[in-house]
Amino acid sequence: MQNKTDLIRKEVKKVIQGKDDVIRLTLCAILAGGHVLLEDIPGVGKTTLAMSIARALSLSYKRMQFTPDVLPSDLIGYNLYDKSTNSFHFQEGSVYTNLFLADEINRTSPKTQSALLEVMEEGQATVEGVTRTLPKPFFVIATENPFGSSGTQRLPESQLDRFMICLSIGYPDSENAVSILKGNSSANIAQVEQVVNAEELLEMQKQVENLYVDESLYDYIVDLTESTRNPEFFALGLSPRGSIALLKMSKAHAYMRGRDFLLPEDIHDVFHCVASHRVKLSAKSKASGQSVENTLSNVLKQVAIPKIS
């Protein structure tokens, strides 16, 4: 199992250079059956990352550029009247695919954003009372510009909570910036080779789901979750959905390390990307100059790590 995930990462790295952690965590989320939110400035490779992953996994792929005039029907579909047959037929929206890229998701209206809630949680879409199942596997990779950029608005907590992880790609270092200048990343996408297909990915997801978890690690995840609900430090803590996401991401991380069992370090390595977009700092934490990153690090330090027998 390790070889397959290593090969996928190797193919994606043909295009995305110097961002091994971002690639690793994005693949973890996919193996865990979750959705990914990439928050960063334009031009750092968010869309390129999604396209290269879709190619390496041999998945169908659709991209929607979110603008203020995008409608819910553009995403989930609509019924179109056919005069020749005097009947309606269903026209699929953009979400009917394996990988849906929601580009600049925080530039569209709340009504359009809310159309994704059922899609992301249930893997289905309901139009005029008829519910249709989306292809499997299905996951969303959404990009957003930092809040305060022109035309942006905050995503509601209900939608943020449906993203398994939130990542920032960031600027490349000097060495990788030079490599990017010498090559064309868009052209390099054609060099990304298929490693697995959709059926193999579904099987890998089952293996992740069945990975062994010691009883003490369930308690450890609950303890971490409850620590984020301390009103002295947090105004909003992890929801039960967040704790489930932490467990699933930790399992996927162990899987990518070539293990069929979970260790505390797997939980540590994914804790920040699972929790950072779900929690809000208390007024006291903000006043003392604490960041979300530092406060979550303190949670990891304060909660006792269980000993695995």
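The values are calculated or read from the model by the stated rules, or taken from the named source; none is laboratory data. Model, not experiment: these values are computed from the prediction. Every residue, glycine among them, receives a Cβ derived from its backbone with ideal geometry; neighbour counts consider all protein chains shown.
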Does residue 251 satisfy being assigned to a helix (DSSP H, G or I) and either in the same structural domain as residue 232 (by TED's automatic domain parsing) or farther than 20 Å from residue 169 by Cα (or both)?
yes
Meets criteria (at pLDDT 85 or above, among the aliphatic types (A, V, I, L, M) and more than 22 Å from residue 51 (Cα to Cα)) for residue 102:
no
Among (1) surrounded by fewer than 21 Cβ atoms within 10 Å (Cβ to Cβ); (2) modelled with pLDDT of 95 or more - the single one residue 231 does not satisfy:
(2)
Extreme residue, surrounded by the fewest Cβ atoms within 10 Å (Cβ to Cβ), among residues of region 268-291 that are within 24 Å of residue 251 (Cβ to Cβ) and without any contact (Cβ under 8 Å) to a residue 40 or more places away in the chain:
268
Residue under evaluation residue 152, criteria (1) closer than 23 Å to residue 243 by Cβ; (2) of a type outside the set (Asp, Glu); (3) over 16 Å from the mean Cα position of the chain (by Cα), criterion not met
(1)
Residues within region 276-300 that are in contact with a Phe, Trp or Tyr (Cβ under 8 Å, 6 or more places away or on another chain), in a loop (DSSP other than H, G, I, E, B) and among the hydroxyl-bearing types (Ser, Thr, Tyr), tallied
1
Residue that is surrounded by the fewest Cβ atoms within 10 Å (Cβ to Cβ), among those in region 210-228 that are hydroxyl-bearing (Ser, Thr, Tyr) and within 22 Å of residue 31 (Cβ to Cβ)
212
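Each row is one residue, and each column tells you yes or no for (1) farther than 28 Å from residue 210 by Cβ; (2) assigned by TED's automatic domain parsing to the domain that holds residue 145; (3) within 18 Å of the chain's Cα centre (by Cα).
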site: 15; (1), (2), (3): yes, yes, no
site: 26; (1), (2), (3): no, yes, yes
site: 54; (1), (2), (3): no, yes, yes
site: 64; (1), (2), (3): yes, yes, yes
site: 72; (1), (2), (3): yes, yes, no
site: 80; (1), (2), (3): yes, yes, no
site: 85; (1), (2), (3): yes, yes, no
site: 92; (1), (2), (3): yes, yes, no
site: 106; (1), (2), (3): yes, yes, yes
